[in-house]
Amino acid sequence: MLHLARTVCRRAERKVVMLAHEEPEIGQHPVQYLNRLSDLLFVLARAVNHTAGIEEHPWVPRSRQDP
């Protein structure tokens, strides 16, 4: 669930970045907050999985995957 929450947070971050380009008075604080929040959610997810003995599967960029 924490990885899912991070995904939603990253989606919100991308939308806020686009909004900040259109409305500069928004500033960078919302973008920074969402970025830090997604980092926190990632670290928490890894810690919870480690504690539960759940194996993490590292992300492999498409350029490195076998065709």
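Laid out as a table, the results:
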{"item": "Out of R10, R14, sole residue that is surrounded by 14 or more Cβ atoms within 10 Å (Cβ to Cβ), at negative phi and part of a helix (DSSP H, G or I)", "result": "R10"}
{"item": "Single residue of E25, E56 found to be exposed (fewer than 14 other Cβ atoms within 10 Å of the Cβ), without any contact (Cβ under 8 Å) to a residue 60 or more places away in the chain and not in a helix (DSSP H, G or I)", "result": "E56"}
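Read the figures in this text as sums done on the coordinates, not as results from a lab. This is a predicted model, so every value here is computed, not measured. All Cβ positions, even for glycine, are placed from backbone atoms using ideal geometry, and neighbour counts span all protein chains on display.
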